[in-house]
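Following: one structure in structure tokens, then a few remarks.
The values are calculated or read from the model by the stated rules, or taken from the named source; none is laboratory data. This is a predicted model, so every value here is computed, not measured. Note that we place each Cβ from the backbone using ideal geometry, even for glycine, and neighbour counts take in every protein chain shown. When the accessible area is computed, the model is the full protein with side chains, heavy atoms only, and any ligands, DNA or RNA have been set aside. Shrake-Rupley method; radii C 1.70, N 1.55, O 1.52, S 1.80 Å.
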Amino acid sequence: TGAFMLVVRRLAVAAALSNLVFLGLLVYSVVQIARRAFDLRTAFLAASLVVMSPMVAQFEHEAFVDFALLGITSWCVWRLIATDGFQNRRASIAFGASVGFGLLLKQLVPLYLIGPVIAVLWFHRHRHGRIFFTNLAFSLLAMLVVALPWYAIHWQVILATGQFNQQV
């Protein structure tokens, strides 16, 4: 939203443009997930249903971080599925980087990804060899490369916010 504020200088328009970017991310990732699982026709139906859901329709017009969280989480799930159970190195690195970007957006992203990660690990449970652990390490490294610089600089603020939230 900040980048759009520099261009349009109106908060409502900047928020709408920011939501439009994350809506595109959401639709694209839903299409990719459904296309991988089924076919292109089903993928477009899935994307249509997601866009017409009440929560998406409501958040699309508001400047909430939750809409961006929805988009980046669906992007992470698509990147996770593309790893083929962490057998694909490039996809594993892309998954890690996307989780890192999600962590820059909101710290709750890993919480929403626990279920899909467990499902992928369970589905590919017979393929956990050296390639799996190497690609998993690359994925974690990519996540740290993206997210760790910001967290390293702001760790005191994060701890203070956590302590404040526990008191409230």
message: Looking only at helices (runs of 4 or more DSSP H) that lie completely in the range 52-147, which have at least 1 residues being within 20 Å of V21 (Cβ to Cβ) and out of contact with any helix residue (DSSP H, G or I) (no Cβ under 8 Å at 6 or more places or on another chain)?
response: 54-59
task: May I ask you to verify whether A43 is among the small types (G, A, S) and modelled with pLDDT under 70?
output: no
message: Can you list residue pairs whose Cβ atoms sit under 9 Å apart, with the first residue in the range 99-115 being without any contact (Cβ under 8 Å) to a residue 40 or more places away in the chain and at positive phi and the second being surrounded by fewer than 16 Cβ atoms within 10 Å (Cβ to Cβ) and of a type outside the set (D, E, K, R)? Count only pairs 6 or more apart in sequence or on different chains.
response: none
query: Say we look at the range 72-93 and pick out the residues that are basic (K, R) and in contact with a Ser or Thr (Cβ under 8 Å, 6 or more places away or on another chain); which of these is farthest from A119 (Cα to Cα)?
result: R89
- request: Say whether the condition of being closer than 27 Å to I131 by Cα and modelled with pLDDT of 80 or more is met by at least one residue in the range 17-30.
  value: yes
message: If R89 meets every condition in (1) over 17 Å from the mean Cα position of the chain (by Cα); (2) at pLDDT 90 or above; (3) open to solvent by less than 70 Å² (accessible area, probe 1.4 Å) apart from one, which number is that one?
response: (3)
statement: Just one listed residue, out of L49, L69, is out of contact with any Ser or Thr (no Cβ under 9 Å at 6 or more places or on another chain), under 19 Å from S29 (Cα atoms) and open to solvent by 30 Å² or more (accessible area, probe 1.4 Å), and it is L49
